[in-house]
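The values are calculated or read from the model by the stated rules, or taken from the named source; none is laboratory data. These figures come from a predicted structure and were not determined experimentally. Here the Cβ is made from the backbone with ideal geometry for all residues, glycine too, and neighbour counts use every protein chain on show. Remember, those area values only see protein heavy atoms, side chains included, never the ligands or the DNA or RNA. Shrake-Rupley method; radii C 1.70, N 1.55, O 1.52, S 1.80 Å.
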Amino acid sequence: MSEPTRIPAPDGLAPAAQYSHVVTATGRFVAVSGQLALDEHGELVGKGDPAAQARQVFENLRRCLAAAGAGFTDVVKLTYFVTDMAFMPAIRAARAAHIPDDRLPASSAVQVAGLVAPEFLMEVEAIAVVGT
């Protein structure tokens, strides 16, 4: 199985601090829908607590990836939708529990006016490529 190649600083770009500018991979494409901080019963985890919500979101991503035969090492892109950019440190901490700094995927963070319900502080989606 081939590992994705991460390029944190292509020529002419400043090094990325919390992501890779470019990730290349060959294999089976896996798209994971945006995950919210819901437990296995559909109940919100961490009302008003960005760290608790981020941990649950990453646990949900892990479960979705596993269901597709993938893991965080296969993730090539994460997209973060947050209602407040102040939640990014909590998201980075939750991500660090699953993805080491030398395997950071390409990433985008977007502040949104709201998500599906006001109690949700963030939603994170993933794209992975499982090597052949």
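Surrounded by 18 or more Cβ atoms within 10 Å (Cβ to Cβ) and basic (Lys, Arg): is that true of Arg95 in this structure? In short, yes. Scanning the stretch 31-45 for residues that are over 18 Å from Ala126 (Cβ atoms) and open to solvent by 70 Å² or more (accessible area, probe 1.4 Å) yields Glu40, His41, Glu43.
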